[in-house]
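*Asks:* One structure, as structure tokens, below. Some questions next.
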Amino acid sequence: MRAAWICALCLLATGCGAGAEPPHATVIQVPGDAGSIQQAVSAARPGDLVLVAPGTYRESVRIGTRDVVLRGADRNRVIIDGEVRRANGVVVTAPGVAVENLTVRNHTLNGVLATGMSDGAGGLAHGSSGYTRLDPAAFPPLQGFRVSYVTASNNALYGIYAFDARHGVIEHSYASGSADSGIYVGQCKPCDVLVTGNVAERNAVGFEGANASGALFVLGNRFSGNRVGLTSGSDYQEALVPQEDATIAGNLIAHNAEPATPAQADGAFGLGIGIAGGRRNLVARNLIIGNPGAGITLASSEDLPPSGNRLLANMLRDNGIDLVYAASARAPGAGNCLSGNELRTTLPATLVELMPCPAGSAPAAGVAAPRVVAPPGMAFRAVPAGPAQPNRPDGPPVAARGLPGRVDADAVPLPAETLLIERSGITW
Amino acid sequence: MSARLGMAATVAAALLTGCGTDVPEPHPLTMAEAERLALVRYTNYETGVAFVTARIATGAGVLVLDGRVDFVRHLGHVALSTEGRSDPASAGLLQWGPTRVAFRQGLGQRAADPLPPDAWQLRPLRTGGSELDVTLLLLLNVANDRPDNAQLLHQSTARWLRSDAVGGTPVDLFEGPTQPGKAARLTYWVDRDGKLRRLDARLGDTGAEATIDFTPGAPPIPPHPAFT
């Protein structure tokens with residue numbers, strides 16, 4: 001079936017003599033045409049599709065050719081298994097690459113990594129693991145990436161990780177059992193990255209944006225059943241401080257107090273959304289429920305205050321405290337504003353009056369955020385796998401160009417508690 | 001072992017080396033060895049609770065620890081004794097976490113017994129100067145909830161030293177990364193399954209030596225109220 005539409009596409013392209021397009025997109029089948037995914041990827045030319053048959057692949061794949069599409073024939077049965085020996089499942093260091101419809105699990109670092117921090121030979125530059133302060137001049141950002149319908153389970157750092165990468169999309173993916181974040185976007189300014197329709201659960205943190213600024217859209221995701229649902233903030237260990245101008249809208253951030261998860265590095269537990277040292281972020285129409293520490297905290301990060309953040313029309317209920325303003329005396333924030341939120345409890349108690357929109361709050365420190373004692377963590381490998389995930393709809397390979405396109409965050413509504421529930425293994 | 005037998009063994013070892021058998025020399029880690037060493041602390045974390053016995057050479061004699069350590073909860077619980085001494089001050093029960101030590105002085109206590117409710121003294125755990133405390137902290141830090149970075153280990157000063165056995169189990173000895181000018185070093189005895197069987201430590205401040213044996217599969221530790 002898949003070969004048939006590829007051929008049809010070739011004929012059409014050839015027939016109308018469209019010179020600007022690649023003459024044809026070759027389909028490289030694994031294992032039919034190549035002995036390993038890496039062999040297929042290495043043989044691929046820009047625009048080619050590497051189509052992987054069901055099986056467990058014990059290899060680490062590096063994609064250094066632009067506009068290649070790596071696709072599994074069955075998301076749940078095409079498995080790249082790191083066996084807790086290999087660092088990364090798929091590493092993308094070329095622009096325009098898409099990774100689709102497969103599972104990456106049991107890596108000592110990341111399931112899928114997209115980054116411009118390449119050594120030029122398709123590999124990673126030294127120090128590109130974990131928290132890294134990159135030199136943006138030496139390593140210009142990767143331009144264009146897409147991670148779609150990927151299941152990233154039981155990886156020791158991040159499930160899906162994009163840093164020093166712009167103009168990308170992470171969508172319809174599922175991340176669980178990450179000892180750090182399920183999905184992580186870091187070190188981009190402006191990012192021009194859309195994160196949408198994903199489920200991240202049973203991770204230390206569901207989604208983390210660190211120094212990810214400017215046209216970062218986190219829309220319509222389910223970040224529930226982690227230790228912490230979502231964080232967005234500034235981190236001096238990484239480049240491009242401070243974090244600013246992200247849009248976090250229409251997400252379900254619920255019951256982030258799941259004990260069967262790896263420990264969060266700072267011992268956090270029971271937090272829905274945490275903004276630390278972030279500026280001018282928009283947090284709108286999120287459903288934030290059942291987080292026993294706090295629904296949302298606005299905090300400082302070292303000398304960086306939380307300033308100019310707008311919290312609009314979120315619905316918060318059954319959280320320990322719905323909203324906590326925890327800016328430090330060293331970095332008191334200003335200009336934060338609240339409007340149209342449904343919430344009952346805030347710290348300080350009069351936050352709604354202190355943070356009018358559009359005027360924003362006067363410069364002030366806050367109070368210490370309440371802490372929930374965290375249960376012991378679980379080994380990331382022991383976190384139970386999630387349910388089977390839906391396959392990507394069939395279709396021709398499309399390189400990750402022109403992403404994310406026009407994003408209409410205003411059109412993303414307040415979700416129901418059932419958002420993406422059919423893809424979730426967490427109940428409450 | 002008598003001096004004569006010891007000498008004979010040395011001569012035999014020299015002969016073995018001399019006649020050209022292929023005994024591998026210590027070498028920087030191969031990537032496969034680095035991956036193995038990178039997993040040691042994570043494997044301890046997955047183990048959860050292990051039995052431990054330790055001998056620590058200190059200026060005040062050889063301290064012996066016998067008990068267990070919980071790598072996930074960062075909690076240890078051992079009976080302490082001092083070789084060659086039988087006065088009450090030379091022995092006791094110890095329970096500790098990353099920052100504090102609870103000590104219950106007295107002979108004849110076993111870590112396997114139920115936790116006595118009284119007569120505990122609580123003090124901060126010292127991070128330097130005390131061979132005992134440095135060893136206690138080491139016992140908690142020899143586990144981590146994720147593998148170490150094999151690539152960095154591969155590029156480090158870590159070395160494969162030799163093959164050996166612990167209690168009949170074949171192991172490889174790996175020397176961990178060292179820092180220039182620092183005496184501290186750790187030697188990991190790692191079995192074929194990646195489990196840490198023994199740890200030799202040369203402790204930073206004094207160069208004193210400690211040997212710790214691990215056996216997986218210990219029951220949980222009943223925590224002292226200070227550690228709940």
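Since every read-out is calculated from the coordinates, none of them should be taken as a lab result. The model shown is predicted, which means the values in this text are computed figures rather than measured ones. As a convention, Cβ positions derive from the backbone with ideal geometry for all residues, glycine included, and neighbour counts pool all protein chains shown.
*Asks:* Placing +1 at every Lys and Arg Cβ and -1 at every Asp and Glu Cβ, with all other atoms neutral, what dipole size does segment B:70-175 have around its Cα centre, in debye to the nearest 20? Kindly include the intermediate steps, with their values, before the conclusion.
*Replies:* Numbers: 10 positive and 12 negative charges, 45 e Å.
Rounded to the nearest 20 debye, it is 220 debye.
*Asks:* Where does segment A:359-408 land on Rg(C-alpha)/(2.2 N^0.38 Å)? Walk me through the intermediate numbers first.
*Replies:* Working: Rg = 22.6 Å, N = 50, 2.2 N^0.38 = 9.7 Å.
It is 2.32.
*Asks:* Sticking to Cα atoms, compute the Rg of segment B:25-97 to one decimal and its Dmax as the biggest Cα-Cα distance, whole number, in Å.
*Replies:* 16.6, 51
*Asks:* Per the helix-only calculation at 222 nm, which mean residue ellipticity applies to chain B, given -39500 (n - 2.57) for every DSSP H run of n ≥ 4 and division by its residues, nearest 500 deg cm²/dmol? Could you put the intermediate results ahead of the total?
*Replies:* Numbers: 5 runs with 49 residues, N = 228.
The helix contribution divided over chain B gives -6500 deg cm²/dmol.
*Asks:* Next question. As a test of the definition: which semi-axes, in Å, follow for segment A:228-286 when you take the square root of five times each eigenvalue of its alpha carbon gyration tensor? Largest first, please.
*Replies:* On the way: eigenvalues 93, 59, 9 Å².
In descending order, the three semi-axes are 22, 17, 7 Å.
*Asks:* Taking only the alpha-carbon positions of segment B:176-222 and ignoring solvent, what does the Debye formula give for the base-10 log of I(q)/I(0) at q = 0.21, 0.28, 0.33 Å⁻¹?
*Replies:* The Cα Debye sum returns log10 ratios of -0.78, -0.99, -1.16.
*Asks:* If you line up the long axis of helix B:3-18 against the longest principal axis of chain B, both from Cα atoms, how many degrees apart are they, to the nearest 10?
*Replies:* For B:3-18 against chain B, the angle is about 40 degrees.
*Asks:* Provide Rg over Rh for segment A:157-221; use the alpha carbon set for both Rg and the Kirkwood Rh (inverse mean inverse pair distance). Mind dumping the intermediate values first?
*Replies:* Values: Rg = 10.6 Å, Rh = 11.3 Å.
My calculation puts Rg/Rh at 0.94.
*Asks:* Shifting gears a bit: Taking the mean number of other Cβ atoms within 10 Å as a proxy for protection, how do you rank B:206-212, A:104-110, B:122-128 from highest to lowest? Don't skip to the end; give the middle numbers.
*Replies:* Working: B:206-212: 17.9, A:104-110: 27.7, B:122-128: 12.4.
Result, highest mean first: A:104-110, B:206-212, B:122-128.
*Asks:* Could you tell me how many cubic angstrom of Cα convex hull volume segment B:114-176 has per residue? Don't skip to the end; give the middle numbers.
*Replies:* Details: hull volume 12.7 nm³, N = 63.
Hull volume normalised by residue count: 201 Å³.
*Asks:* How much length is gained if the chain between A:Asp119 and A:Ala411 is pulled fully straight, taking 0.36 nm per residue apart and subtracting their Cα-Cα distance, in nm to one decimal?
*Replies:* Working: separation 292, 0.36 × 292 = 105.12 nm, distance 4.04 nm.
Stretched fully, the A:Asp119-A:Ala411 segment lengthens by 101.1 nm.
*Asks:* Can you quote the Å³ per residue value for the convex hull of the Cα atoms in segment A:336-428, rounded to an integer? Don't skip to the answer; put the middle values down first.
*Replies:* Values: hull volume 24.7 nm³, N = 93.
Value for segment A:336-428: 266 Å³ per residue.
*Asks:* Let me have the relative contact order for chain B, percent, based on Cα pairs under 8 Å that are six or more residues apart.
*Replies:* Working: 479 pairs, mean separation 53.1, N = 228.
With pairs under 8 Å counted, the relative contact order is 23 percent.
*Asks:* Moving on. Order of B:Phe51, A:Phe217 from fewest to most other C-beta atoms within 10 Å?
*Replies:* Details: B:Phe51 18, A:Phe217 23.
Sorted ascending by nearby Cβ count, the order is B:Phe51, A:Phe217.
*Asks:* Given R₀ = 45 Å, FRET efficiency for B:His27-A:Glu302 by Cβ-Cβ distance, to 0.05? Numbers along the way, then the final one.
*Replies:* Numbers: r = 43 Å, r/R0 = 0.95.
Step by step, r from the Cβ atoms, then E = 0.55.
*Asks:* Okay, moving on. Averaged across B:137-147, how many Cβ atoms of other chains sit within 10 Å of each residue's Cβ atom? Display every interim value, and only then the final one.
*Replies:* Values: counts 0, 0, 0, 0, 0, 0, 0, 2, 12, 14, 12.
If you average over the peptide's residues, the count of other-chain Cβ atoms is 4.
*Asks:* Once you average over the residues of B:30-36, how many Cβ atoms of partner chains fall within 10 Å of each Cβ?
*Replies:* Working: counts 0, 0, 1, 0, 0, 6, 1.
Whole-number average of other-chain Cβ neighbours for B:30-36 is 1.
*Asks:* Out of all Cα-Cα pairs in segment B:51-139, roughly what percent, to the nearest whole number, are more than 17 Å apart? Could you put the intermediate results ahead of the total?
*Replies:* Details: 1739 of 3916 pairs.
In whole percent, the share of Cα-Cα pairs in segment B:51-139 beyond 17 Å is 44.
*Asks:* Please determine, in degrees from 0 to 90 and to the nearest 10, the orientation of helix A:2-16 with respect to the longest principal axis defined by the Cα atoms of chain A, where the helix direction is its Cα long axis.
*Replies:* 80 degrees
*Asks:* I would also like to ask the following. Counting Lys and Arg as +1 and Asp and Glu as -1, what is the net charge of the other residues whose Cβ lies under 15 Å from the Cβ of A:Ala284?
*Replies:* Working: positive: A:Arg280, A:Arg285, A:Arg310; negative: A:Asp245, A:Glu342, A:Asp408, A:Asp410.
Charge balance near A:Ala284 sits at -1.
*Asks:* Please give me the summed charge of the neighbours of A:Val205: other residues whose Cβ is under 9 Å from its Cβ, Lys and Arg +1, Asp and Glu -1.
*Replies:* Numbers: positive: A:Arg227; negative: A:Asp180, A:Glu208.
So the environment of A:Val205 carries a net charge of -1.
*Asks:* Ok, one more. Over all directions, what mean area does the Cα convex hull of segment A:171-321 project, stated in square nanometres? Working shown, then result.
*Replies:* On the way: hull surface 29.2 nm².
Result: 7.3 nm².
*Asks:* Which one of B:Pro26, B:Leu186, B:Pro220 is farthest out on the positive end of the charge dipole of chain B, using unit charges on Cβ (Lys, Arg +1; Asp, Glu -1) and the Cα centre as origin?
*Replies:* Value computed over the given set: B:Pro220.
*Asks:* Evaluate peptide A:80-93: per residue, the Cβ atoms of other protein chains within 10 Å of its Cβ; return the mean as an integer. Show your work: numbers first, answer last.
*Replies:* On the way: counts 0, 0, 1, 1, 9, 8, 2, 6, 0, 0, 0, 0, 0, 0.
Per-residue shielding by partner chains comes out at 2.
*Asks:* Taking the Cα centre of the protein assembly as shown as origin, sum charge times position over the Cβ atoms of Lys and Arg (+1) and Asp and Glu (-1), and report the length of that vector in debye to the nearest 20.
*Replies:* 200 debye
*Asks:* Please compute P(r) over all alpha-carbon pairs of the protein assembly as shown, binned at 10 Å starting from zero, and give each bin as a whole-number percent.
*Replies:* Pairs per bin, as whole percents: 3, 14, 22, 22, 18, 12, 5, 2, 1, 0.
*Asks:* How big is chain B by the Kirkwood estimate over distinct Cα pairs, in Å? Could you put the intermediate results ahead of the total?
*Replies:* Working: mean 1/r = 0.0527 Å⁻¹.
Hydrodynamic radius (Kirkwood, Cα only) of chain B equals 19.0 Å.
*Asks:* Still on this model: Can you check what the Kirkwood hydrodynamic radius comes to for segment A:288-401, Cα pairs only, in Å to one decimal?
*Replies:* Values: mean 1/r = 0.0601 Å⁻¹.
Kirkwood radius, segment A:288-401: 16.6 Å.
*Asks:* Let me know the charge dipole size of segment A:221-372 about its Cα centre in debye, to the nearest 20, where only the beta-carbon of Lys, Arg (+1) and Asp, Glu (-1) is charged. Write out the running numbers ahead of the final one.
*Replies:* Details: 10 positive and 12 negative charges, 58 e Å.
So the magnitude is around 280 debye.
*Asks:* Of A:Ala399, A:Ile248, A:Ser42, which is farthest on the positive side of the dipole of chain A, counting Cα position, with +1 on Lys and Arg Cβ, -1 on Asp and Glu Cβ, and the Cα centre as origin?
*Replies:* Among A:Ala399, A:Ile248, A:Ser42, the one farthest towards the positive end of the dipole of chain A is A:Ser42.
*Asks:* Here is a further query. For every other residue with a beta carbon closer than 13 angstrom to the beta carbon of A:Gly225, add +1 if it is Lys or Arg and -1 if Asp or Glu, then tell me the sum.
*Replies:* Details: positive: A:Arg202, A:Arg222, A:Arg227, A:Arg423; negative: A:Glu201, A:Glu258, A:Glu417.
Once positives and negatives cancel, what remains is +1.
*Asks:* Over segment A:40-195, what per residue volume does the convex hull of the Cα atoms give, in whole Å³? Walk me through the numbers on the way to the answer.
*Replies:* Values: hull volume 14.4 nm³, N = 156.
Each residue corresponds to 92 Å³ of Cα convex hull volume.
*Asks:* Let me ask something additional. Which of the listed residues, A:Leu304, A:Asn76, B:Gln121, is farthest toward the dipole's positive end in the protein assembly as shown, when Lys, Arg count +1 and Asp, Glu count -1 at the beta-carbon?
*Replies:* Of the listed residues, the answer is B:Gln121.
*Asks:* OK, next. Could you work out how far helix B:131-141 tilts from the main Cα principal axis of chain B, as a 0 to 90 degree angle to the nearest 10?
*Replies:* Once rounded, one gets 80 degrees.
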